[in-house]
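Report on one structure; see the data block that follows.
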Amino acid sequence: MSHLVSASEPSDTPTPDRGTGRRGGFFGRPRGRPELYSSYRQEQALFNTRAKAVGAAVLIAIAVLLPFNVSDDVLRILGLGLVLAIGGIGLNLITGYAGQVSLGHAFFVGVGAYTASVVAGDPEGRAFGLGITVIPVWILAAGAMAALCGVIVAPLATRLRGLYLAVVTLGLVFLGTYVFTEWASVTGGPGVGREAPRPVLFGDDLTLDSAFTSDQKLYWFFLALLLIGALAARNIARSRIGRAFGAIRDRDIAAGVMGVDLARYKLIAFTVSSFYAGVCGSLLFVANRHFGPEQFGLIMSIQFVAIVFIGGAATISGTIMGALLIASLPRISAEIAHLFPFISTAPNTSPNIFEVEAILYGGLIVAFLLFEPRGLFGVWLRMRMYWKSFPFTY
């Protein structure tokens, strides 16, 4: 019976390929058979094939070297996309992985933004500030405060699902807009706003030019934080918590019958998602240099929902692709205006680039929901499968 027991246990050691006598190659699987797994642990590995590991390394290398080959205005767009990707990953954890509809993401982003500004703000300034400029302190404080708000909201939200949950989280946006507008000593008030926290790292102010431009330094800073956040989210998704999220998303009643603590895991989903939103808010403030309370409204929540659906629900890499696309829409709208002179750049004239951007938002969401529900990640899967089966069509 010993051979039966050992066969049922997961093993990370390379095993010989029956019939060929070859031993396992990279990642403990036989060479030439990258999708043959001998254990669940191998299948759920961070990079379960050699191609994925090499591809990720190449993409990271390209992303690191990109600032030397593009202009600063393009870097600003890419940096904004990286920051939006962090918030999008948080929303994808609760919506894509856990299946809980949330339209209140902008509220938690605003909480994180103003928490960071208060912690790092000038004590002698017009708005309230503590003067703690250490980057890890105000970033973690922003995430922690947003997560605390998520913990407060979660017990109410865990009793609801579907449309009712969406309406409750939507109410948070209007509540947050009112609080941010009226609390002028913290937010600066409508139409005025307040300055963003200054990112000083090892004595170097990332918003000032030195050996590298400020846009290059901010881009690398956002990229590093995105890689950390994406790695953490991917590990959550393939852990016991992630499997519980998937069970709740697919059928919460069945998950509860099987022993999944629904209230506990929904609380975890809201807390982690809110933490990501808070970190995103603190960095979004830095990326835009200035923010007013009216900007953390319904439009921002829709923007994050668009990132999830356009990029692909329940995918980390898809979220990053969706965030980069959404961040590029203003630039795309401006380029369209150059191609069609009848499109105005003035907001009071119709049609204008802002209307074009809104049309692109709605059109992309509808198009992906109708023709590619898996988003940009699904497009990538189709391309990959095409080249894997080329020249055959099956």
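Listing for the model above:
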read-out: Tally, over the range 136-164, of residues that are more than 19 Å from the chain's Cα centre (by Cα), closer than 13 Å to residue 266 by Cα and in contact (Cβ under 8 Å) with a residue 12 or more places away in the chain; value: 8
read-out: Matching residues, the range 165-199, being over 24 Å from the mean Cα position of the chain (by Cα), of a type outside the set (D, E, K, R) and modelled with pLDDT under 90; value: 184, 185, 186, 187, 188, 189, 190, 191, 192, 193
read-out: One residue from 57, 53, 61 being aliphatic (A, V, I, L, M), touching a Phe, Trp or Tyr at 6+ places or on another chain (Cβ under 6 Å), without any contact (Cβ under 8 Å) to a residue 40 or more places away in the chain and under 20 Å from residue 232 (Cα atoms); value: 53
read-out: Among the candidates 206, 227, residue that is among the hydrophobic types (A, V, I, L, M, F, W, C) and either open to solvent by less than 40 Å² (accessible area, probe 1.4 Å) or farther than 26 Å from residue 321 by Cα (or both); value: 206
read-out: Residue 324 vs. criteria open to solvent by 50 Å² or more (accessible area, probe 1.4 Å) and over 22 Å from residue 63 (Cβ atoms); value: no
read-out: Unmet requirement for residue 210, which otherwise passes all of (1) touching a residue at least 60 places away in the same chain (Cβ under 8 Å); (2) touching a helix residue (DSSP H, G or I) at 6+ places or on another chain (Cβ under 9 Å); value: (1)
read-out: Given (1) under 28 Å from residue 369 (Cα atoms); (2) among the charged types (D, E, K, R); (3) in a loop (DSSP other than H, G, I, E, B), index of the condition residue 52 fails; value: (3)
read-out: Matching option when the condition is among the hydrophobic types (A, V, I, L, M, F, W, C), open to solvent by less than 40 Å² (accessible area, probe 1.4 Å) and either in contact (Cβ under 8 Å) with a residue 12 or more places away in the chain or out of contact with any Phe, Trp or Tyr (no Cβ under 8 Å at 6 or more places or on another chain) (or both), among 93, 46; value: 93
read-out: The range 189-203, subset over 27 Å from residue 275 (Cβ atoms) and in contact with a Ser or Thr (Cβ under 8 Å, 6 or more places away or on another chain), residue least open to solvent (accessible area, probe 1.4 Å); value: 189
read-out: Where a residue in the range 361-380 is over 19 Å from residue 299 (Cα atoms) and among the small types (Gly, Ala, Ser) and its partner, wherever it lies, is open to solvent by 50 Å² or more (accessible area, probe 1.4 Å) and assigned to a helix (DSSP H, G or I), with Cβ under 7 Å and at least six apart; value: 375/309
read-out: Residue satisfying all of: in the range 301-320; of a type in the set (Ser, Thr, Tyr) and within 21 Å of residue 250 (Cα to Cα); least open to solvent (accessible area, probe 1.4 Å) among these; value: 319
read-out: Any chance residue 171 is surrounded by fewer than 17 Cβ atoms within 10 Å (Cβ to Cβ) and touching a Gly at 6+ places or on another chain (Cβ under 8 Å); value: yes
read-out: Helices (runs of 4 or more DSSP H) lying entirely in the range 108-208 (those with 1 or more residues that are touching a His at 6+ places or on another chain (Cβ under 9 Å)); value: 163-182
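The values are calculated or read from the model by the stated rules, or taken from the named source; none is laboratory data. Here the structure is a predicted model, which means the values were calculated and not measured. Glycine gets a Cβ as well: all are built from the backbone with ideal geometry, and neighbour counts include every protein chain shown. Side chains are part of the model used for accessible areas, which takes the heavy atoms of the whole protein and leaves out ligands, DNA and RNA. Shrake-Rupley method; radii C 1.70, N 1.55, O 1.52, S 1.80 Å.
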